[in-house]
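Written below as C-alpha coordinates is the structure these notes are about.
The values are calculated or read from the model by the stated rules, or taken from the named source; none is laboratory data. Predicted model only: the values in this text are computed from it and were never measured. Cβ atoms come from the backbone with ideal geometry, glycine included; neighbour counts cover every protein chain shown.
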(Lines give C-alpha, C1' and ligand atoms only; values in the text may rest on other atoms or scores of the structure.)
Protein backbone atom coordinates (compact mmCIF):
# COMPACT_ATOMS: atom_id res chain seq x y z
CA UNK A 1 0.00 0.00 0.00
CA UNK A 2 1.26 3.48 -0.91
CA UNK A 3 -0.02 4.81 2.40
CA UNK A 4 2.25 2.38 4.28
CA UNK A 5 5.23 3.55 2.24
CA UNK A 6 4.36 7.15 3.13
CA UNK A 7 4.44 6.29 6.82
CA UNK A 8 7.92 4.81 6.48
CA UNK A 9 9.49 7.06 3.86
CA UNK A 10 9.56 10.77 4.69
CA UNK A 11 11.32 11.54 1.40
CA UNK A 12 8.42 10.03 -0.56
CA UNK A 13 5.96 12.13 1.43
CA UNK A 14 8.02 15.27 0.81
CA UNK A 15 8.38 14.52 -2.90
CA UNK A 16 4.62 14.01 -3.19
CA UNK A 17 3.94 17.27 -1.34
CA UNK A 18 6.14 19.24 -3.74
CA UNK A 19 4.98 17.52 -6.94
CA UNK A 20 1.19 17.22 -7.28
CA UNK A 21 1.34 16.72 -11.05
CA UNK A 22 3.92 13.94 -10.75
CA UNK A 23 1.81 12.30 -8.04
CA UNK A 24 -1.35 12.42 -10.15
CA UNK A 25 0.32 11.08 -13.27
CA UNK A 26 2.74 8.54 -11.82
CA UNK A 27 1.03 7.30 -8.66
CA UNK A 28 -2.65 7.69 -9.58
CA UNK A 29 -1.91 7.00 -13.28
CA UNK A 30 -4.15 9.90 -14.30
CA UNK A 31 -3.87 11.76 -17.59
CA UNK A 32 -3.90 15.54 -17.19
CA UNK A 33 -4.18 18.31 -19.74
CA UNK A 34 -2.56 21.71 -19.28
CA UNK A 35 -5.31 23.49 -17.34
CA UNK A 36 -5.67 20.54 -14.97
CA UNK A 37 -1.95 20.72 -14.27
CA UNK A 38 -2.27 24.47 -13.72
CA UNK A 39 -4.98 23.92 -11.09
CA UNK A 40 -2.82 21.48 -9.11
CA UNK A 41 0.29 23.66 -9.28
CA UNK A 42 -1.71 26.74 -8.29
CA UNK A 43 -3.08 24.88 -5.27
CA UNK A 44 0.46 23.95 -4.25
CA UNK A 45 1.68 27.54 -4.55
CA UNK A 46 -1.33 29.55 -3.30
CA UNK A 47 -3.57 29.48 -0.24
CA UNK A 48 -6.78 30.06 -2.20
CA UNK A 49 -7.51 29.02 -5.78
CA UNK A 50 -10.72 29.76 -7.69
CA UNK A 51 -11.54 27.99 -10.95
CA UNK A 52 -14.50 28.91 -13.14
CA UNK A 53 -14.98 27.02 -16.35
CA UNK A 54 -17.16 25.75 -19.14
CA UNK A 55 -19.03 22.46 -18.91
CA UNK A 56 -16.99 19.25 -18.84
CA UNK A 57 -13.54 20.81 -18.48
CA UNK A 58 -12.25 18.33 -15.88
CA UNK A 59 -12.72 20.47 -12.75
CA UNK A 60 -14.06 17.71 -10.50
CA UNK A 61 -11.64 15.19 -12.01
CA UNK A 62 -8.73 17.43 -11.02
CA UNK A 63 -10.14 18.28 -7.59
CA UNK A 64 -10.38 14.55 -6.85
CA UNK A 65 -6.65 14.17 -7.59
CA UNK A 66 -5.99 17.12 -5.30
CA UNK A 67 -7.75 15.28 -2.45
CA UNK A 68 -5.40 12.29 -2.70
CA UNK A 69 -2.32 14.47 -3.24
CA UNK A 70 -3.06 16.46 -0.09
CA UNK A 71 -3.80 13.39 2.04
CA UNK A 72 -0.73 11.44 0.98
CA UNK A 73 1.63 14.40 0.85
CA UNK A 74 0.69 15.77 4.28
CA UNK A 75 0.71 13.27 7.11
CA UNK A 76 -2.11 13.94 9.59
CA UNK A 77 -4.00 16.10 7.10
CA UNK A 78 -7.75 16.64 6.71
CA UNK A 79 -9.64 17.33 3.49
CA UNK A 80 -13.21 18.61 3.62
CA UNK A 81 -15.27 18.79 0.45
CA UNK A 82 -18.70 20.28 -0.03
CA UNK A 83 -21.24 21.21 -2.70
CA UNK A 84 -24.72 22.78 -2.73
CA UNK A 85 -26.53 19.44 -2.24
CA UNK A 86 -25.81 16.02 -0.79
CA UNK A 87 -26.40 14.46 -4.19
CA UNK A 88 -23.69 16.63 -5.75
CA UNK A 89 -21.29 15.67 -2.97
CA UNK A 90 -21.91 11.94 -3.46
CA UNK A 91 -22.40 11.68 -7.20
CA UNK A 92 -19.97 14.22 -8.64
CA UNK A 93 -16.76 14.92 -6.74
CA UNK A 94 -16.77 11.83 -4.51
CA UNK A 95 -17.45 9.55 -7.44
CA UNK A 96 -14.28 10.97 -9.01
CA UNK A 97 -12.42 10.59 -5.70
CA UNK A 98 -13.34 6.90 -5.46
CA UNK A 99 -12.63 6.18 -9.12
CA UNK A 100 -9.18 7.81 -8.91
CA UNK A 101 -7.97 5.05 -6.56
CA UNK A 102 -10.17 2.17 -7.69
CA UNK A 103 -8.14 -1.02 -8.17
CA UNK A 104 -4.95 0.76 -7.10
CA UNK A 105 -2.83 -0.15 -4.05
CA UNK A 106 -3.20 3.26 -2.42
CA UNK A 107 -5.33 2.74 0.70
CA UNK A 108 -6.59 -0.32 2.51
CA UNK A 109 -9.95 -1.41 1.02
CA UNK A 110 -11.94 -0.62 4.16
CA UNK A 111 -10.60 2.96 4.24
CA UNK A 112 -12.50 4.26 1.19
CA UNK A 113 -16.20 4.83 1.84
CA UNK A 114 -18.92 6.64 -0.13
CA UNK A 115 -17.98 10.11 1.12
CA UNK A 116 -15.00 9.45 3.37
CA UNK A 117 -11.43 8.21 3.26
CA UNK A 118 -10.42 7.22 6.77
CA UNK A 119 -6.70 6.71 7.34
CA UNK A 120 -6.95 7.43 11.07
CA UNK A 121 -9.05 9.48 13.48
CA UNK A 122 -7.02 12.59 12.70
CA UNK A 123 -6.10 11.84 9.09
CA UNK A 124 -9.01 11.68 6.66
CA UNK A 125 -11.08 13.21 3.85
CA UNK A 126 -14.79 13.84 4.31
CA UNK A 127 -17.65 15.05 2.11
CA UNK A 128 -20.21 17.37 3.72
CA UNK A 129 -23.43 18.85 2.32
CA UNK A 130 -24.27 22.50 2.93
CA UNK A 131 -27.68 22.14 4.57
CA UNK A 132 -26.27 22.64 8.08
CA UNK A 133 -23.47 25.20 8.59
CA UNK A 134 -22.62 23.78 12.01
CA UNK A 135 -21.28 20.65 10.28
CA UNK A 136 -18.22 22.74 9.47
CA UNK A 137 -17.14 23.05 13.08
CA UNK A 138 -14.60 21.16 15.15
CA UNK A 139 -12.13 20.20 12.41
CA UNK A 140 -8.56 21.01 13.40
CA UNK A 141 -5.38 20.02 11.61
CA UNK A 142 -2.01 21.58 10.81
CA UNK A 143 -2.85 20.64 7.20
CA UNK A 144 -6.48 21.43 6.34
CA UNK A 145 -7.69 21.63 2.73
CA UNK A 146 -11.28 22.62 1.87
CA UNK A 147 -12.67 22.02 -1.62
CA UNK A 148 -15.96 23.63 -2.63
CA UNK A 149 -17.51 22.09 -5.74
CA UNK A 150 -20.15 24.02 -7.73
CA UNK A 151 -19.10 26.96 -5.58
CA UNK A 152 -21.44 29.42 -7.29
CA UNK A 153 -24.39 27.64 -5.67
CA UNK A 154 -22.98 27.68 -2.12
CA UNK A 155 -24.38 30.37 0.15
CA UNK A 156 -22.21 32.91 1.96
CA UNK A 157 -23.24 31.49 5.35
CA UNK A 158 -21.39 28.26 4.50
CA UNK A 159 -18.31 30.18 3.40
CA UNK A 160 -18.36 32.02 6.73
CA UNK A 161 -18.35 28.66 8.52
CA UNK A 162 -15.47 27.46 6.32
CA UNK A 163 -13.49 30.64 7.03
CA UNK A 164 -13.94 29.91 10.74
CA UNK A 165 -11.91 26.71 10.29
CA UNK A 166 -8.90 28.75 9.11
CA UNK A 167 -7.92 26.20 6.44
CA UNK A 168 -4.42 26.12 4.97
CA UNK A 169 -5.80 25.84 1.45
CA UNK A 170 -9.15 26.48 -0.25
CA UNK A 171 -10.06 25.33 -3.76
CA UNK A 172 -13.25 26.74 -5.29
CA UNK A 173 -14.48 25.22 -8.55
CA UNK A 174 -17.62 25.58 -10.62
CA UNK A 175 -19.54 27.19 -13.44
CA UNK A 176 -20.03 30.96 -13.13
CA UNK A 177 -23.78 30.69 -12.59
CA UNK A 178 -24.47 34.02 -10.87
CA UNK A 179 -22.93 37.43 -10.39
CA UNK A 180 -23.37 37.54 -6.62
CA UNK A 181 -21.97 35.57 -3.71
CA UNK A 182 -18.51 34.52 -2.59
CA UNK A 183 -17.57 32.69 -5.79
CA UNK A 184 -18.32 35.74 -7.93
CA UNK A 185 -16.58 38.08 -5.51
CA UNK A 186 -13.27 36.18 -5.39
CA UNK A 187 -12.74 36.92 -9.07
CA UNK A 188 -12.66 40.62 -8.15
CA UNK A 189 -10.24 40.22 -5.22
CA UNK A 190 -6.46 40.45 -5.09
CA UNK A 191 -4.17 37.74 -3.74
CA UNK A 192 -6.23 34.79 -4.97
CA UNK A 193 -5.12 32.51 -7.80
CA UNK A 194 -7.82 32.65 -10.47
CA UNK A 195 -8.16 30.24 -13.39
CA UNK A 196 -10.72 30.59 -16.19
CA UNK A 197 -11.29 27.72 -18.61
CA UNK A 198 -13.19 28.27 -21.84
CA UNK A 199 -14.27 25.41 -24.06
CA UNK A 200 -11.89 26.87 -26.63
CA UNK A 201 -8.96 26.19 -24.27
CA UNK A 202 -9.68 22.47 -24.14
CA UNK A 203 -7.87 19.76 -26.15
CA UNK A 204 -10.96 18.63 -28.06
CA UNK A 205 -11.70 22.13 -29.39
CA UNK A 206 -8.05 22.76 -30.22
CA UNK A 207 -7.92 19.45 -32.11
CA UNK A 208 -11.06 20.54 -33.97
CA UNK A 209 -9.15 23.69 -35.04
CA UNK A 210 -11.23 26.11 -32.97
CA UNK A 211 -8.95 27.42 -30.25
CA UNK A 212 -10.67 30.76 -29.66
CA UNK A 213 -14.21 32.07 -29.53
CA UNK A 214 -13.73 34.88 -32.04
CA UNK A 215 -12.75 32.41 -34.75
CA UNK A 216 -15.76 30.22 -33.95
CA UNK A 217 -18.09 33.24 -33.90
CA UNK A 218 -16.89 34.51 -37.28
CA UNK A 219 -17.38 31.13 -38.95
CA UNK A 220 -20.72 30.52 -37.19
CA UNK A 221 -22.16 33.84 -38.36
CA UNK A 222 -20.79 33.64 -41.91
CA UNK A 223 -21.05 29.95 -42.78
CA UNK A 224 -23.63 28.49 -40.41
CA UNK A 225 -23.85 24.99 -39.01
CA UNK A 226 -23.06 23.13 -42.24
CA UNK A 227 -19.45 24.30 -42.12
CA UNK A 228 -18.93 22.31 -38.91
CA UNK A 229 -19.92 18.93 -40.31
CA UNK A 230 -17.16 16.35 -39.73
CA UNK A 231 -15.05 18.91 -37.84
CA UNK A 232 -15.54 17.37 -34.40
CA UNK A 233 -12.39 15.72 -33.00
CA UNK A 234 -12.11 13.96 -29.65
CA UNK A 235 -8.68 13.49 -28.11
CA UNK A 236 -9.83 13.26 -24.48
CA UNK A 237 -13.19 11.49 -24.04
CA UNK A 238 -15.45 13.15 -21.50
CA UNK A 239 -14.26 16.70 -22.09
CA UNK A 240 -16.46 19.23 -23.88
CA UNK A 241 -16.44 18.86 -27.67
CA UNK A 242 -17.06 21.04 -30.71
CA UNK A 243 -20.42 19.29 -31.15
CA UNK A 244 -21.35 20.31 -27.59
CA UNK A 245 -20.48 23.93 -28.38
CA UNK A 246 -22.57 23.81 -31.56
CA UNK A 247 -25.51 22.45 -29.57
CA UNK A 248 -25.33 25.38 -27.14
CA UNK A 249 -24.97 27.85 -30.02
CA UNK A 250 -28.00 26.41 -31.81
CA UNK A 251 -30.22 26.09 -28.80
CA UNK A 252 -29.42 29.31 -26.93
CA UNK A 253 -27.47 31.60 -29.27
CA UNK A 254 -23.83 32.64 -28.98
CA UNK A 255 -24.79 35.89 -27.22
CA UNK A 256 -26.90 34.16 -24.56
CA UNK A 257 -26.00 33.85 -20.90
CA UNK A 258 -26.21 30.07 -21.19
CA UNK A 259 -23.49 30.12 -23.85
CA UNK A 260 -21.39 32.51 -21.75
CA UNK A 261 -21.61 30.28 -18.68
CA UNK A 262 -21.56 26.79 -20.19
CA UNK A 263 -19.13 27.39 -23.07
CA UNK A 264 -17.00 30.44 -22.27
CA UNK A 265 -16.76 30.03 -18.50
CA UNK A 266 -17.89 33.63 -18.01
CA UNK A 267 -20.39 35.07 -15.56
CA UNK A 268 -23.88 35.85 -16.92
CA UNK A 269 -24.70 39.38 -17.89
CA UNK A 270 -27.84 39.04 -15.76
CA UNK A 271 -29.93 41.20 -18.08
CA UNK A 272 -32.93 42.68 -16.32
CA UNK A 273 -35.28 41.43 -19.02
CA UNK A 274 -34.39 37.74 -18.56
CA UNK A 275 -37.42 36.24 -16.84
CA UNK A 276 -35.71 33.19 -15.30
CA UNK A 277 -32.01 33.10 -14.41
CA UNK A 278 -29.48 30.36 -15.03
CA UNK A 279 -28.98 30.11 -11.27
CA UNK A 280 -32.68 29.43 -10.67
CA UNK A 281 -32.67 26.58 -13.18
CA UNK A 282 -29.39 25.14 -11.95
CA UNK A 283 -30.55 25.12 -8.33
CA UNK A 284 -33.71 23.25 -9.30
CA UNK A 285 -31.60 20.69 -11.19
CA UNK A 286 -29.35 20.20 -8.16
CA UNK A 287 -32.14 19.95 -5.60
CA UNK A 288 -33.37 16.68 -4.08
CA UNK A 289 -37.02 16.54 -3.04
CA UNK A 290 -39.20 13.76 -1.71
CA UNK A 291 -42.60 13.06 -3.22
CA UNK A 292 -45.45 10.84 -2.07
CA UNK A 293 -46.49 8.01 -4.42
CA UNK A 294 -50.18 8.94 -4.19
CA UNK A 295 -49.66 12.51 -5.39
CA UNK A 296 -51.20 13.20 -8.79
CA UNK A 297 -49.05 13.34 -11.90
CA UNK A 298 -49.62 15.99 -14.57
CA UNK A 299 -48.64 15.70 -18.22
CA UNK A 300 -48.07 18.87 -20.24
CA UNK A 301 -47.89 18.48 -24.03
CA UNK A 302 -46.64 21.31 -26.24
CA UNK A 303 -47.56 20.12 -29.73
CA UNK A 304 -45.43 21.13 -32.73
CA UNK A 305 -47.04 23.98 -34.65
CA UNK A 306 -47.21 24.34 -38.42
CA UNK A 307 -43.74 23.26 -39.47
CA UNK A 308 -42.09 23.38 -36.05
CA UNK A 309 -40.44 20.03 -35.53
CA UNK A 310 -40.63 19.32 -31.77
CA UNK A 311 -43.50 18.02 -29.68
CA UNK A 312 -42.55 18.03 -26.00
CA UNK A 313 -44.04 16.00 -23.14
CA UNK A 314 -43.30 16.94 -19.51
CA UNK A 315 -44.51 14.87 -16.57
CA UNK A 316 -44.49 16.54 -13.16
CA UNK A 317 -45.51 15.09 -9.83
CA UNK A 318 -45.95 18.03 -7.47
CA UNK A 319 -42.43 19.28 -6.68
CA UNK A 320 -40.58 16.99 -9.07
CA UNK A 321 -40.30 16.72 -12.85
CA UNK A 322 -40.16 13.00 -13.53
CA UNK A 323 -39.86 12.72 -17.28
CA UNK A 324 -39.25 14.65 -20.49
CA UNK A 325 -39.92 13.29 -23.96
CA UNK A 326 -39.32 14.98 -27.31
CA UNK A 327 -40.71 13.70 -30.60
CA UNK A 328 -39.53 15.02 -33.96
CA UNK A 329 -41.66 15.44 -37.10
CA UNK A 330 -44.64 13.38 -35.95
CA UNK A 331 -48.19 13.78 -37.25
CA UNK A 332 -51.39 14.18 -35.26
CA UNK A 333 -52.23 10.48 -35.05
CA UNK A 334 -48.74 9.49 -33.94
CA UNK A 335 -48.70 12.15 -31.20
CA UNK A 336 -52.11 10.94 -30.03
CA UNK A 337 -50.72 7.42 -29.76
CA UNK A 338 -47.71 8.61 -27.77
CA UNK A 339 -49.95 10.44 -25.30
CA UNK A 340 -52.00 7.31 -24.68
CA UNK A 341 -48.90 5.15 -24.31
CA UNK A 342 -47.11 7.47 -21.87
CA UNK A 343 -50.29 8.12 -19.86
CA UNK A 344 -50.72 4.38 -19.35
CA UNK A 345 -47.04 3.90 -18.46
CA UNK A 346 -47.17 6.69 -15.87
CA UNK A 347 -50.74 6.00 -14.66
CA UNK A 348 -51.93 9.53 -15.48
CA UNK A 349 -55.65 10.22 -15.47
CA UNK A 350 -57.11 11.87 -18.61
CA UNK A 351 -58.09 15.06 -16.78
CA UNK A 352 -54.44 15.51 -15.75
CA UNK A 353 -53.29 15.59 -19.38
CA UNK A 354 -53.02 19.24 -20.47
CA UNK A 355 -52.42 19.94 -24.16
CA UNK A 356 -51.71 23.21 -25.95
CA UNK A 357 -54.56 23.61 -28.45
CA UNK A 358 -52.98 26.36 -30.55
CA UNK A 359 -52.21 24.91 -33.99
CA UNK A 360 -52.64 21.18 -34.54
CA UNK A 361 -52.85 20.56 -30.80
CA UNK A 362 -56.60 21.10 -31.08
CA UNK A 363 -56.79 18.12 -33.42
CA UNK A 364 -54.89 15.97 -30.91
CA UNK A 365 -57.38 16.91 -28.18
CA UNK A 366 -60.34 16.16 -30.46
CA UNK A 367 -58.94 12.75 -31.41
CA UNK A 368 -58.31 11.79 -27.78
CA UNK A 369 -61.84 12.80 -26.79
CA UNK A 370 -63.22 10.70 -29.64
CA UNK A 371 -61.46 7.76 -28.01
CA UNK A 372 -63.05 8.49 -24.64
CA UNK A 373 -60.12 10.33 -23.07
CA UNK A 374 -61.46 13.52 -21.50
CA UNK A 375 -58.17 15.44 -21.67
CA UNK A 376 -57.93 19.20 -21.22
CA UNK A 377 -57.09 21.53 -24.06
CA UNK A 378 -55.31 24.69 -22.93
CA UNK A 379 -55.15 27.91 -24.94
CA UNK A 380 -52.23 29.82 -23.44
CA UNK A 381 -53.10 32.93 -25.47
CA UNK A 382 -56.32 33.47 -23.49
CA UNK A 383 -56.50 36.06 -20.71
CA UNK A 384 -55.02 35.11 -17.35
CA UNK A 385 -57.22 34.44 -14.37
CA UNK A 386 -55.14 36.97 -12.45
CA UNK A 387 -55.65 39.78 -14.96
CA UNK A 388 -54.21 42.36 -12.59
CA UNK A 389 -50.71 40.86 -12.73
CA UNK A 390 -50.48 38.87 -15.98
CA UNK A 391 -51.13 39.83 -19.61
CA UNK A 392 -52.24 36.32 -20.62
CA UNK A 393 -52.35 32.72 -19.45
CA UNK A 394 -48.86 31.94 -20.76
CA UNK A 395 -47.39 34.68 -18.56
CA UNK A 396 -49.38 33.41 -15.59
CA UNK A 397 -48.11 29.87 -16.11
CA UNK A 398 -44.59 31.29 -16.42
CA UNK A 399 -45.08 32.95 -13.05
CA UNK A 400 -46.11 29.57 -11.61
CA UNK A 401 -42.92 28.01 -12.99
CA UNK A 402 -40.77 30.77 -11.48
CA UNK A 403 -42.39 30.28 -8.06
CA UNK A 404 -42.11 26.48 -8.32
CA UNK A 405 -38.39 26.66 -9.13
CA UNK A 406 -37.78 27.91 -5.57
CA UNK A 407 -38.60 24.46 -4.15
CA UNK A 408 -39.03 22.10 -7.13
CA UNK A 409 -36.64 19.60 -8.70
CA UNK A 410 -35.92 19.53 -12.42
CA UNK A 411 -34.27 16.74 -14.35
CA UNK A 412 -30.58 17.31 -15.02
CA UNK A 413 -31.20 18.20 -18.65
CA UNK A 414 -29.78 21.24 -20.44
CA UNK A 415 -33.04 21.72 -22.37
CA UNK A 416 -34.49 23.37 -19.27
CA UNK A 417 -32.01 26.22 -19.68
CA UNK A 418 -34.05 27.41 -22.67
CA UNK A 419 -36.23 29.20 -20.11
CA UNK A 420 -33.34 31.61 -19.49
CA UNK A 421 -33.65 32.92 -23.06
CA UNK A 422 -37.15 34.29 -22.49
CA UNK A 423 -37.37 38.02 -21.92
CA UNK A 424 -40.21 39.85 -20.23
CA UNK A 425 -41.73 43.29 -19.92
CA UNK A 426 -44.68 44.99 -18.27
CA UNK A 427 -47.65 46.34 -20.19
CA UNK A 428 -49.07 49.85 -19.68
CA UNK A 429 -51.46 48.23 -17.18
CA UNK A 430 -48.57 46.81 -15.16
CA UNK A 431 -49.17 43.23 -16.32
CA UNK A 432 -46.30 40.80 -16.81
CA UNK A 433 -45.86 39.77 -20.45
CA UNK A 434 -43.44 37.10 -21.66
CA UNK A 435 -41.63 37.25 -24.98
CA UNK A 436 -43.53 35.29 -27.63
CA UNK A 437 -42.15 32.31 -29.51
CA UNK A 438 -42.33 34.35 -32.70
CA UNK A 439 -40.25 37.18 -31.24
CA UNK A 440 -37.67 34.70 -29.97
CA UNK A 441 -37.35 33.26 -33.46
CA UNK A 442 -36.70 36.76 -34.79
CA UNK A 443 -33.74 36.87 -32.39
CA UNK A 444 -32.49 33.61 -33.91
CA UNK A 445 -33.54 31.48 -30.93
CA UNK A 446 -35.59 28.28 -31.05
CA UNK A 447 -39.04 27.96 -29.57
CA UNK A 448 -38.98 27.33 -25.77
CA UNK A 449 -41.10 24.19 -26.08
CA UNK A 450 -39.83 22.55 -22.89
CA UNK A 451 -40.67 25.67 -20.86
CA UNK A 452 -44.18 25.81 -22.33
CA UNK A 453 -44.78 22.09 -21.78
CA UNK A 454 -43.76 22.47 -18.13
CA UNK A 455 -46.05 25.50 -17.82
CA UNK A 456 -49.00 23.45 -19.05
CA UNK A 457 -48.65 21.16 -16.02
CA UNK A 458 -49.70 24.15 -13.89
CA UNK A 459 -52.84 24.88 -15.94
CA UNK A 460 -55.92 23.45 -14.29
CA UNK A 461 -59.47 23.77 -15.61
CA UNK A 462 -61.85 25.67 -13.36
CA UNK A 463 -62.73 23.67 -10.28
CA UNK A 464 -59.41 21.79 -10.15
CA UNK A 465 -56.58 22.67 -7.82
CA UNK A 466 -53.25 21.41 -6.53
CA UNK A 467 -51.82 21.32 -3.02
CA UNK A 468 -48.05 21.38 -2.41
CA UNK A 469 -46.18 20.15 0.65
CA UNK A 470 -42.67 21.53 0.03
CA UNK A 471 -39.86 19.76 1.84
CA UNK A 472 -38.20 23.11 2.42
CA UNK A 473 -41.27 24.24 4.35
CA UNK A 474 -41.14 21.27 6.70
CA UNK A 475 -44.32 19.77 5.33
CA UNK A 476 -46.42 22.91 5.66
CA UNK A 477 -48.93 22.96 2.81
CA UNK A 478 -48.52 25.57 0.10
CA UNK A 479 -51.71 26.12 -1.88
CA UNK A 480 -51.66 26.70 -5.62
CA UNK A 481 -55.13 27.81 -6.76
CA UNK A 482 -56.63 26.67 -10.03
CA UNK A 483 -56.30 28.75 -13.17
CA UNK A 484 -59.61 29.19 -14.94
CA UNK A 485 -59.73 28.25 -18.61
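Miscellaneous remarks
- From the options 354, 382, 368, residue that is in a helix (DSSP H, G or I) and in contact with a helix residue (DSSP H, G or I) (Cβ under 7 Å, 6 or more places away or on another chain): 368
- Strands (runs of 3 or more DSSP E) enclosed by region 80-193 - at least 2 residues per element that are at pLDDT 95 or above, in the same structural domain as residue 66 (by TED's automatic domain parsing) and within 22 Å of the chain's Cα centre (by Cα): 123-129, 144-148, 169-174
- Residue in region 357-373 that is within 28 Å of residue 406 (Cβ to Cβ) and either crowded, with 17+ Cβ neighbours inside 10 Å or modelled with pLDDT under 95 (or both) present: no
- In region 26-61, the qualifying residues are those that are in a helix (DSSP H, G or I) and touching a strand residue (DSSP E or B) at 6+ places or on another chain (Cβ under 8 Å), and the one that is farthest from residue 236 (Cα to Cα) is 45.
- Spans of strands (runs of 3 or more DSSP E) in region 272-337 with at least 1 residues closer than 23 Å to residue 351 by Cα and out of contact with any strand residue (DSSP E or B) (no Cβ under 7 Å at 6 or more places or on another chain): 310-317
- Residue 342 meets the conditions (1) more than 22 Å from residue 274 (Cβ to Cβ); (2) without any contact (Cβ under 8 Å) to a residue 60 or more places away in the chain; (3) buried (at least 21 other Cβ atoms within 10 Å of the Cβ) in every case but one. The failed one is (3).
- Flag for residue 85 being touching a strand residue (DSSP E or B) at 6+ places or on another chain (Cβ under 7 Å) and surrounded by 15 or more Cβ atoms within 10 Å (Cβ to Cβ): yes
- Checked against (1) at pLDDT 95 or above; (2) assigned to a loop (DSSP other than H, G, I, E, B); (3) more than 19 Å from the chain's Cα centre (by Cα), residue 411 meets all criteria but (3).
- Among all residues of region 52-59, there is none that is in contact with a helix residue (DSSP H, G or I) (Cβ under 7 Å, 6 or more places away or on another chain), on the phi < 0 side of the Ramachandran plot and without any contact (Cβ under 8 Å) to a residue 60 or more places away in the chain.
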